Amino acid sequence: MGFVELKQHIKKQAEKEKKDIIEKAQLKASQIRSGYEKELEAVHKKTLKEGMTRALLLEKEIIGEANVQSKAEVIQTQSEIISDVFKQAAIEINKMPSEKKSSLLTRLIDKADLGSGAKKVIVSPEYAGLISHKKGVEIVEKELGELG
């Protein structure tokens, strides 16, 4: 083997080794990259799961608060309606003549059912005289306001 051939042989050998080194380096880099991609994917999935969990909790919290708020509004509206009904009833009752008031009170007493048979009626002093005393009915005078 001559000098030129030896030089070509060494050059070929060097190229082959260089090629092998590059292939091994690329393979190693690919493996490292793949590991990081798997790690990144795991972190991504974990972060996504945590985000979804937080979003669901926030959604439930918002829905819960909305339910509480809507129930409070319903109760407030019902209370206002009941208050208005009682105010209107007081106006209508105050317009009635005494005999109608007496009749109304008597009917209310007759319809009251306390289970024991005995009835205790609490009325404002101004209405106590309108109620005819019945057997088993105790009349207690107490200031009750407009609808007493």
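Throughout, read-outs are computed from the coordinates displayed, never taken from laboratory work. Because the structure is predicted, anything quoted here is derived from the model rather than measured. All Cβ positions, even for glycine, are placed from backbone atoms using ideal geometry, and neighbour counts span all protein chains on display.
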Highest GNM mean-square fluctuation, the chain, Cα pairs closer than 10 Å: which of Lys12, Lys71, Lys60?
Lys12
Please give me the summed charge of the neighbours of Gln26: other residues whose Cβ is under 14 Å from its Cβ, Lys and Arg +1, Asp and Glu -1.
+3
Taking the chain as a Gaussian network, where each spring joins two C-alpha atoms under 10 Å apart, which residue of Lys46, Lys19, Lys101 fluctuates the most?
Lys19
Which of Ser103, Ser30, Ser83 fluctuates most in a GNM of the chain (C-alpha springs under 10 Å)? That residue is Ser30
Can you give the local net charge around Gln8? Use residues other than it whose beta-carbon is closer than 14 angstrom to its beta-carbon, Lys and Arg +1, Asp and Glu -1.
+2
With a ≥ b ≥ c the root eigenvalues of the C-alpha gyration tensor of the range 36-90, is it rounded (a/c under 1.5), prolate (a/b larger than b/c) or oblate?
prolate
Shape descriptors of the chain over alpha-carbon atoms, Rg and Dmax in angstrom, are 46.6, 144
